[in-house]
Structure formats: C-alpha cells, structure tokens
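Undergrad: Quick one: the structure is below, and I'll ask about it shortly.
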Amino acid sequence: MKILHLFWNPKEKRLRALVRLVIFAFLFLFLTIISLLLFSSFSGIQGLMQSIWLSSLIEVFVTLISVLLSSIIIDRRHPAKLGLIFSKTWWKDFGFGIFLGAFLMSVIFLTELALGWVEISGFFGVNSPVPTILTEDAFLRQFLGALAIFISVGIYEELLVRGYLMKNLAEWFNHPSIRPEIALIYSTVIASAIFGLLHSANPNSSAFSTIYLSLAGIFLSLGVLLDGSLAIPIGLHISWNLFQGSVFGFPVSGMPAPASLIQINHSGPDFMTGGAFGPEAGLVGLTALALGSFLTLLWYRKTLGEVCIHSDFARYQFKKD
C-alpha cells in the first residue's frame, strides 16, 4: 500500500504530480506525432517543412487538446485554474503584455542604433544571405506567416511552461512543510530553467543564451507569480518575438524571422548584443528584462493595489466526485 502511495495521492484522490507530468509528456508527444503524420500524408514531408506557420498552428492545437484532457481527466481540475480566465481584467492585462514586449524591444533597438551596433540597410525585406526587396503583397504574405508563428509560439509555450508545468510543480512542492508562496517560487525557478534548456539546441545557442533565456522565463512568469494569470505572459511573449524578428530584424532565439519591416546590419560586442543568437543572449537584452520586471511590478501595483505572490496558484482545489 505504501508503494502505491508513491504514485497515488489518497488525500487528493489523483495521481502524484510527477506521474501526471510523465503521462502528459507522452500524450503531448503522441498527439504531436499523429498530427504531423496526418498533415504530411496530405502535403508530403517537404510541404510540412515549408509550412512552418502551419506546423506552429498544429502545435497550438496539440497543446490545447493535451492540456484540456490532462487537466480534466488526469489532474482533476478545471483548465481555467491554469491562468486562463478570460475576463475583462484578463484582456486588459493581455493588452499590457502586448505593449510591454513591443516597448522593451523598441528600447533595445534604439539603444543599439544609438551606439552604432545596428545599421538600417533597408525596409520590407526578407531575411536571406543577400537582403531582397519584395513586392508589397509578397512581403505581406511573409509577414503574416511570421505573425501566425509568433502568436502560436506565444500561446503554446506559455500554456505548456508557465501554465501546465508550473501549476503541477507548484502543487507538488506545496505540502505542510513548505508554504505555498515558496512552492510557487520553486516551481518558477525549475520551469524557467527548463524553458532555457528547451532553447539550448537552437542555432547559435551558447551557455549564456541558455542562462539568459532561463532568466527571461522568470520574467515571463511574473504574471503567474503575482496574479495567477497567463494574460501578461502570453501577450508579452507574442509581441517580444514579433518586434524582435519581424519588425526590427533581429534573430529570434538564434533564428531569423521570414521577413522584417526593417532590415539591419548587426555588429557590436556579442556579450552586449547577443550576436547571431539575438538580443536575448546579450546584456542589452538582460537589461531590458530588468526594466520589464520593474514595469510589470508597477502595473500590478496599480491594478491590484499591492504586489504579493499569488499563493492560490500553488494550491489544489479538490474536485468532488
């Protein structure tokens, strides 16, 4: 019976957190493979690789299905407990997240421009070894494709890491010997480290890019830490990537955006600019994270009246049979 309790929580009448996460990982992998096989059977592998934006939409679909099934059936909780309460306040915070990502990336661009590390070489171009000027319609198709990718990535990465993973980790650490606030901090650090490691295989990655992206994960977690909501993280993630790649022409986590409003020549010391990985691996980007964290704290001070850890996110509300 004691061995069974390693896998089953009799008080909560559900599987332990680690078991739930393992089952979720297998479910997510299974649905991803099935979805990609189904799509490639119609368009072929080459068509799948060329339709990166459609692959991203598939990932959103797989993530939503995996999270819904796991939350309701395995975790025995309402999916809204993951930070998806679509109220007027939620959308207001989402709008702030959109603004914050755009503002911070604009600060990075203008700073590097002023220091001579960025030189504007053109507008409405496609990222390739030789910058190419496109027609307006062709550029628009490329830009909208990138927009679809960044929206998709912002949704499924936040739902996976800041939503599902952080929630289960926080509930795992939350027991009588650890306060829920501390449990939530532990889950934030671990989920953010995993977020950084997930990008360690990206082109041009380094130890610094992995560490800085882990710190970016903590920055993205503030919405969950302080309000138990994914509104700011999702909005921030979308606009940060969009303005980084498709507006200002920086690499996004080591990869160029399909097209950008501004074409640039990027120079300057790599430890400051992030080099070929992009601003996320440089001290300029790290400074922007600090500024963004301060502005987020001010936002919650204004909207909530106080700034404190949202301990309820670490608590499990028992589901009645």
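The values are calculated or read from the model by the stated rules, or taken from the named source; none is laboratory data. Since we're looking at a predicted model, the values are computed, not measured. Neighbour counts run over all protein chains shown; Cβ positions are idealised from the backbone, glycine included.
Undergrad: Please work out if residue 159 is surrounded by 24 or more Cβ atoms within 10 Å (Cβ to Cβ), among the hydrophobic types (A, V, I, L, M, F, W, C) and on the phi < 0 side of the Ramachandran plot.
TA: The answer is no for residue 159.
Undergrad: Of the residues that make up the range 227-236, is at least one surrounded by 24 or more Cβ atoms within 10 Å (Cβ to Cβ), touching a Lys or Arg at 6+ places or on another chain (Cβ under 7 Å) and not aliphatic (A, V, I, L, M)?
TA: yes
Undergrad: Residue 182 versus (1) over 22 Å from residue 270 (Cβ atoms); (2) surrounded by 21 or more Cβ atoms within 10 Å (Cβ to Cβ): which is the lone unmet condition?
TA: (2)
Undergrad: Among the residues of the range 101-112, write down those that are over 17 Å from residue 296 (Cβ atoms) and surrounded by fewer than 15 Cβ atoms within 10 Å (Cβ to Cβ).
TA: Hit for the range 101-112 is 110, nothing else.
Undergrad: Among the residues of the range 190-203, write down those that are in contact with a Ser or Thr (Cβ under 9 Å, 6 or more places away or on another chain) and either free of Cβ contacts under 8 Å to residues at least 40 places away in the same chain or surrounded by 16 or more Cβ atoms within 10 Å (Cβ to Cβ) (or both).
TA: 191, 192, 193, 194, 195, 196, 197, 199, 200, 202, listed by residue number.
Undergrad: For residue 111, work out the one condition from (1) among the polar types (S, T, N, Q); (2) in a helix (DSSP H, G or I); (3) over 30 Å from residue 22 (Cα atoms); (4) modelled with pLDDT under 95 it doesn't fulfil.
TA: Unmet condition: (4).
Undergrad: Looking only at the range 80-92, count how many residues are over 16 Å from the mean Cα position of the chain (by Cα) and assigned to a helix (DSSP H, G or I).
TA: 7
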